Amino acid sequence: MTTIYFIRHAQPDFTVQEDAARPLTVKGRADTALVTEYLKDKDILEVLSSPFLRAVDTVKDFAEGIGLSVKTVYDFRERKVDSLWIEDFTAFTKKQWADFDYKLTDGESLREVQERNIKALEDVLLANDGKNIAIGTHGTALSTILNYYDNTYGYEDFDRMRSLMPWVVRMQFEGTKCIDIMKINILQGEI
């Protein structure tokens, strides 16, 4: 059995509009200690991440503490919304969850995000059978993965998760078949 611990990044600084370079806030940096504390006894053998700064920085202290480096996987990156900043993110998000193929001119649909994240995950599973892996990720990217394995996971679930930073989802696999999903609010326990 392979266990994947998806770690949604800690609180980002939304004043930085450049998605890939958006850092963690002071609170977000402090909350990475919660990630380290949660993962410390999970026998993690590999730490992967989206290449986006906030995802890497959320798992970096844990990885360094156990003598590993964070390996970035480009296809675990967050969805590209558009080249321009979106003011009404909630309305945009509702449209995307209602139609998995909806996207703005220079953005990605949820289906595209899901397909590349699932492909990246399956590659990780095939290369790491039987290991425990931590993956730094993002809210939308992780939500599309959850939707792939549980098609009842939709906008309402995504909306409830939006304020949970950091957030952990433990998924267990036999080969590439998901056999268990546990959502964990590391501040409050399982949800």
Would you please list the contacts, defined by Cβ atoms under 6 Å and residues six or more apart or on different chains, that run from a residue in the stretch 167-184 that is surrounded by 14 or more Cβ atoms within 10 Å (Cβ to Cβ) to a residue that is not in a strand (DSSP E or B)?
Val168/Ile186; Gln172/Met1; Phe173/Leu125; Thr176/Glu122; Thr176/Leu125; Cys178/Tyr149; Lys183/Ile191
Elements of type helices (runs of 4 or more DSSP H) in the stretch 1-118, at least 2 residues being closer than 19 Å to Ala141 by Cβ and at pLDDT below 95:
89-98
Give me a count of the residues in the stretch 159-172 that are farther than 21 Å from Glu122 by Cα and within 12 Å of the chain's Cα centre (by Cα).
6
Report, by residue number, each residue of the stretch 162-191 that is basic (Lys, Arg) and in contact with a Gly (Cβ under 8 Å, 6 or more places away or on another chain).
Arg162
Of Asn147, Asn132, the only residue that is under 15 Å from the mean Cα position of the chain (by Cα), open to solvent by 10 Å² or more (accessible area, probe 1.4 Å) and either within 24 Å of Gln11 (Cβ to Cβ) or not aliphatic (A, V, I, L, M) (or both) is Asn147
Which numbered condition Asp41 fails, given (1) under 30 Å from Met1 (Cβ atoms); (2) open to solvent by less than 80 Å² (accessible area, probe 1.4 Å); (3) without any contact (Cβ under 8 Å) to a residue 12 or more places away in the chain; (4) not aromatic (Phe, Trp, Tyr):
(2)
Given the conditions (1) open to solvent by less than 10 Å² (accessible area, probe 1.4 Å); (2) in contact with a Lys or Arg (Cβ under 8 Å, 6 or more places away or on another chain); (3) over 29 Å from Val70 (Cα atoms), report the number of the one that Tyr155 does not fulfil.
(1)
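The values are calculated or read from the model by the stated rules, or taken from the named source; none is laboratory data. None of these values were measured; they are calculated from a predicted model. Positions of Cβ are generated from backbone atoms using ideal geometry, with glycine treated the same way; all protein chains shown enter the neighbour counts. The accessibility values were calculated without ligands, DNA or RNA, using every heavy atom of the protein model including side chains. Shrake-Rupley method; radii C 1.70, N 1.55, O 1.52, S 1.80 Å.
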